[in-house]
Amino acid sequence: MNPELKRRGLIVLVLCIAAFASGALLSSETLMSKLPVYERYRCALCHTVSEPVTGNAPLNVFGIDFHANGDKWDNALAMKDSDLDGFTNGFELGDGEGDGIPDISMERSNPGNAYDKPSSVDEESWGIIKKLFTDQHRSSLR
């Protein structure tokens, strides 16, 4: 075979692989952007591995439900408890209504992992508890 033809074929093959890989990455970003928040868990919200690569990206239970829901975030998916941990997907992702407008800026937990549950103490309650102990400490110093 002609060496120039081999070289051109190799270049075309490399370009095709690069285009396929970048398309997979862009499609993942596009899908993640459909969720109310996704910064902490990113790919692990939907996949069983935190850094999936093409061919090694099995979906977790939330990812399966998200895909079965037409890859869209809505009230039906928010009301579901994909990982059966006792918390709805909407609560875990901070958007209980499923309207795409998060009530919080970070995920409480991963709706695709039953072992990752939200803390029972939210930020506001923790602030109140902390203030009680600070006030108690100050009054004991008097």
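May I ask you to list the aspartates and glutamates whose Cα is less than 20 Å away from that of Lys117, ignoring any residue fewer than eight positions away on the same chain?
Glu39, Asp65, Asp81, Asp83, Asp85, Glu92, Asp95, Glu97, Asp103, Glu107
Quick check: residue separation of Lys117 and Glu39 times 0.36 nm, minus the Cα distance between them. What number comes out in nm?
Full extension from Lys117 to Glu39 adds 26.4 nm.
Under the rule of at least 5 residues apart or a separate chain, name every residue whose amide H is placed under 5 Å from the amide H of His47.
HN-HN under 5 Å from His47: Asn60.
We did not get these values from a lab; they are worked out from the coordinates using the rules stated. Predicted model only: the values in this text are computed from it and were never measured.
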